[in-house]
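Bear in mind that the values in this text are calculations on the coordinates, not laboratory data. The structure presented is a predicted model; accordingly, all values stated were derived computationally and were not measured. FYI the Cβ positions are ideal-geometry reconstructions off the backbone, even for glycines, and counts take in every protein chain you see.
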Amino acid sequence: EKNTASLIMGNLNFGRVIMGGLIAGLVINIGEFLLNEVVFKQQMEEMAKKLNVGMPGGSFIAIAVLITFILGIVIVLTYALIRPRLGAGPKTAIVAGMICWFGIYVYSGILNSLFFGLGIHLLVIGMAWGLAEYLLGALLGGWLYKES
């Protein structure tokens, strides 16, 4: 009889989870850079001025980049874990990306929007952008994942 960990992890290929996750994280990091440094640059500067805080510095950016790579790994791990139930392929990668997008973008986006008084248009643009980068990252990371 198999133990619970064996049933959950099965033939999980951790090397491929890491590799695919780093690619997914790279895609999301590029997307976040473009969103925050191009699309929302002016709004972020206005918000920082309004809140009387400085713009994010080097240590913040380094932590954000690192944690986004970890997020990419979590997305591909989610893909690998649901793959036996939903099957390999883009549909499953999209589900994995949407699960993580909902848990991060929708949850924190709505709460931050309410807290900081952001307009609905910024919320919608940010959420749509985030969905696109999460799905693209999940699709690429899932494409690289293979069972061991």
Please give the net charge around R83, taking every other residue with its beta carbon less than 12 angstrom from that of R83, where Lys and Arg add +1 and Asp and Glu add -1. +3
Rg/Rh for the stretch 6-58 to two decimals, with Rh computed the Kirkwood way over all alpha-carbon pairs. 1.30
Report, in degrees rounded to the nearest 10, the 0 to 90 angle that the Cα long axis of helix 58-86 makes with the longest principal axis of the chain. 40
For M55 paired with N13, estimate the spin-label separation in nm (one decimal), with each label point 7 Å from Cα along the Cα-to-Cβ line. 4.2
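In deg cm²/dmol and to the nearest 500, what is the mean residue ellipticity at 222 nm of the chain if only DSSP H runs of at least 4 residues count, each as -39500 (n - 2.57), divided by the residue total?
Numbers: 7 runs with 114 residues, N = 148.
Helix-only estimate at 222 nm: -25500 deg cm²/dmol.
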Amide H neighbours of Y145 under 5 Å, at least 5 residues apart or on other chains, H built in the peptide plane: list them. none
Starting from the Cα coordinates of the chain, work out the convex hull volume and express it per residue in Å³. 120
Karplus 3J(HN,Hα) series, Hz, for the stretch 44-50 with 6.51 cos²θ - 1.76 cosθ + 1.60 (x for Gly, Pro): 5, 5, 5, 5, 4, 5, 4
Kindly express, to the nearest 10 degrees and within the range 0 to 90, the angle between helix 120-144's C-alpha long axis and the longest C-alpha principal axis of the chain. 30
Summed over the other residues with a beta carbon less than 15 angstrom from that of L71, with K and R at +1 and D and E at -1, the charge totals -2
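Per Stokes-Einstein, at 10 °C and 1.306 mPa s, what whole-number D in µm² s⁻¹ belongs to the stretch 106-148, with the Kirkwood radius over Cα pairs as the hydrodynamic radius?
133
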Alpha carbon centroid spacing (whole Å) that separates the stretch 32-95 from the stretch 132-146: 14
A correct Karplus calculation of ³J(HN,Hα) over the stretch 106-112, with 6.51 cos²θ - 1.76 cosθ + 1.60, θ = phi - 60°, whole Hz and x for Gly and Pro, returns 5, 4, 6, x, 5, 5, 5
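Assuming R0 = 22 Å, can you tell me the calculated FRET efficiency for the pair A48 and F115, based on Cβ-Cβ distance, to the nearest 0.05? List each step's numbers first, then the result.
Details: r = 15 Å, r/R0 = 0.68.
Result of the calculation: an efficiency of 0.90.
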Within the chain, what's the longest run with no trypsin sites (Lys or Arg not before Pro) in a DSSP loop and at most 16 other beta-carbon atoms within 10 Å? Give the range, please. 3-145
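Let me have the relative contact order for the stretch 19-125, percent, based on Cα pairs under 8 Å that are six or more residues apart. Show your work: numbers first, answer last.
Numbers: 62 pairs, mean separation 33.0, N = 107.
The value is 31 percent.
Considering only the other residues whose Cβ falls under 14 Å of the Cβ of G31, what net charge follows from Lys and Arg at +1 and Asp and Glu at -1?
Details: positive: none; negative: E32, E37, E133.
The answer is -3.
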